[in-house]
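Trainee: First the structure, then my questions, so here it is.
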Amino acid sequence: MEAIKKAMQMAHDKKFFKEAEKRQKEGKKMTVSMDLKGKKAVIFGVATDKSIAWSIAKALNDNGCQVALGYQERVETYVKELAKELDNPILEKCDMMDDLLIERFFETIEKEFGKFDILVHSVAFAKRDFLQGKFYEVDRKGYNTAQEVSAFSLPMLVRAGQHLMNEGASVMAMTYLGSVMALQNYNVMGVCKAALESSMRYLAMDLGERGIRVNAISAGPIPTLAASGVGGFDKILDHAEKKSLLKRNISTSDVAHMALFLASPLSKNITGQVLYVDAGYSVNGW
Ligand SMILES: NC(=O)c1ccc[n+]([C@@H]2O[C@H](COP(=O)([O-])OP(=O)(O)OC[C@H]3O[C@@H](n4cnc5c(N)ncnc54)[C@H](O)[C@@H]3O)[C@@H](O)[C@H]2O)c1
C-alpha cells in the first residue's frame, strides 16, 4: 500500500498525471452510447482511478453492463472505494501468481455473477529494475515473473473462466508497441507483450468455434501506476505527442471507447487482432 501511495505521489510530482487528468476529462465529455444492457463483464486490472481497467469498467457500466472486478489484494482499499461509483458490482480478490485464488475467483463468479460476455485483461508487472538499462540484465526470476503475470495470465484466465463465457463473448487484453519494436527501457515487458499478443491469436483460434472473439488493444503511453515504473516515462510521453500523426497523446477514455466497440456486436467479425489506439504513433516512419 505504501509503495502504491509513493508511486502515485511520484507521478504527481512529475506533473505528468495532471496532463493525463486533463485528457481524461476531455475524453469523458464525449458521450458514447452503446447498448450493453443485460451484458456482464469480468475485468482484471483496476488499481487506481488512473488505471486503464477503471476507465473500461466505468464505460461498460455506464452503458448498461454489470461488472465484476478481480483485483490484487494490495489495492483492495482503493478498489473498494472506486467501486462505489459502479452499479451493483462484484468484487473479488485475484492474483495472477496464485492458481488457487484464480480458481476461487471463478467459483465466486459462477455463484454470484453467472455467465458473462466480456473479459478484460489489463494486468502487467515487471520489477522496476528490469524496466530500465540493458534488457540483457534481466535475471531468470525477473523474466519469469514478468511473463507469468503479464502474458501467461491471459491463457490462464481463459482456461479458468471459459466455461462461464456466453457464446459470442469478447475477450480483450491490453498491449503496447514494445511487443513489435525495441523501445528504450521497455525491455522485458516488450517480450511479455509479444507473448501476450501471440497468446491472444491462439486463444482466438481456440475459441472461434464458439463465436468468442479475442483481441488486443495496443494503447499509446498513458501515465498510470504501471507506467510510472518504466524508466524515462516522461520522455516517452513527450516523444509520443510530437511523433504521433495527430500530435497528441491519448487517454484511458480513448482505450475505453475501443473496449466498448470490442464489447459490442459492431465488432462481431473482428478477432485475433491488435487494434492500435495511439493517435497514429506506430505508423509514423519519419
Ligand atoms: N499505461 C500505459 O502507457 C500502457 C500502454 C499500453 C498498454 N498498457 C497496459 O495496460 C494494462 C494496464 O496497465 P495500466 O497502465 O492501467 O496500469 P495500472 O497499474 O493501473 O494497472 C496494472 C494492473 O496490474 C495489476 N497487477 C499487477 N500484478 C498483478 C498480479 N500478480 N495479479 C493480479 N493483478 C496484478 C495491478 O494490480 C494493476 O491493477 C497493462 O497490461 C499495461 O501493460 C499500459
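The values are calculated or read from the model by the stated rules, or taken from the named source; none is laboratory data. Note that the structure is predicted; figures quoted are calculated from it, not measured. Neighbour counts run over all protein chains shown; Cβ positions are idealised from the backbone, glycine included.
Trainee: Of all residues in region 188-204, how many are more than 13 Å from the ligand (Cβ to nearest atom) and buried (at least 20 other Cβ atoms within 10 Å of the Cβ)?
Mentor: Residues flagged as more than 13 Å from the ligand (Cβ to nearest atom) and buried (at least 20 other Cβ atoms within 10 Å of the Cβ) within region 188-204 amount to 1.
Trainee: Sticking with this one: From GLN184, GLN162, grab the single residue that is of a type in the set (S, T, N, Q), more than 18 Å from SER122 (Cβ to Cβ) and buried (at least 17 other Cβ atoms within 10 Å of the Cβ).
Mentor: GLN162
Trainee: So which residues in region 107-122 are touching a helix residue (DSSP H, G or I) at 6+ places or on another chain (Cβ under 6 Å) and either free of Cβ contacts under 8 Å to residues at least 40 places away in the same chain or within 14 Å of the ligand (Cβ to nearest atom) (or both)?
Mentor: VAL120, HIS121, SER122
Trainee: Condition check: of a type outside the set (Asp, Glu) and at pLDDT 95 or above. Does VAL75 satisfy that?
Mentor: yes
Trainee: Mind listing whichever residues of region 31-53 are within 16 Å of the ligand (Cβ to nearest atom) and either charged (D, E, K, R) or out of contact with any strand residue (DSSP E or B) (no Cβ under 9 Å at 6 or more places or on another chain) (or both)?
Mentor: THR48, ASP49, LYS50, SER51
Trainee: Something else now. Just give me the residues in region 213-227 being of a type in the set (S, T, N, Q) and within 8 Å of the ligand (Cβ to nearest atom), in sequence order.
Mentor: SER218, THR224
Trainee: Right, something else. Checking the structure you have, find out if any residue of region 253-266 is of a type in the set (Phe, Trp, Tyr), under 16 Å from the mean Cα position of the chain (by Cα), surrounded by fewer than 24 Cβ atoms within 10 Å (Cβ to Cβ) and modelled with pLDDT of 95 or more.
Mentor: Yes, there is a match, as at least one residue in region 253-266 is of a type in the set (Phe, Trp, Tyr), under 16 Å from the mean Cα position of the chain (by Cα), surrounded by fewer than 24 Cβ atoms within 10 Å (Cβ to Cβ) and modelled with pLDDT of 95 or more.
Trainee: Please go through region 63-80 and give me each residue that is more than 18 Å from the chain's Cα centre (by Cα) and more than 18 Å from GLY114 (Cβ to Cβ), ordered by number.
Mentor: Those that are more than 18 Å from the chain's Cα centre (by Cα) and more than 18 Å from GLY114 (Cβ to Cβ): ASN63, THR77, LYS80.
Trainee: Another question, then. Which members of region 64-106 meet the condition of being outside any helix (DSSP H, G or I), in contact (Cβ under 8 Å) with a residue 40 or more places away in the chain and either away from the ligand (no atom under 15 Å from the Cβ) or hydroxyl-bearing (Ser, Thr, Tyr) (or both)?
Mentor: CYS65, GLN66, listed by residue number.
Trainee: Next up: When you check LEU225 against the structure, is it part of a loop (DSSP other than H, G, I, E, B), free of Cβ contacts under 8 Å to residues at least 60 places away in the same chain and on the phi < 0 side of the Ramachandran plot, yes or no?
Mentor: no
Trainee: Next up: Which is within 21 Å of ALA169 (Cβ to Cβ) and of a type in the set (A, V, I, L, M, F, W, C), of ILE270, ILE250?
Mentor: Every option except ILE270 fails the conditions.
Trainee: Let me ask something else about it. Looking at region 148-203 only, could you name the residues that are aromatic (Phe, Trp, Tyr), part of a loop (DSSP other than H, G, I, E, B) and more than 14 Å from the chain's Cα centre (by Cα)?
Mentor: TYR186
Trainee: Say whether the condition of being in contact (Cβ under 8 Å) with a residue 24 or more places away in the chain and in contact with a strand residue (DSSP E or B) (Cβ under 7 Å, 6 or more places away or on another chain) is met by at least one residue in region 186-194.
Mentor: Yes; the residues of region 186-194 include at least one that is in contact (Cβ under 8 Å) with a residue 24 or more places away in the chain and in contact with a strand residue (DSSP E or B) (Cβ under 7 Å, 6 or more places away or on another chain).
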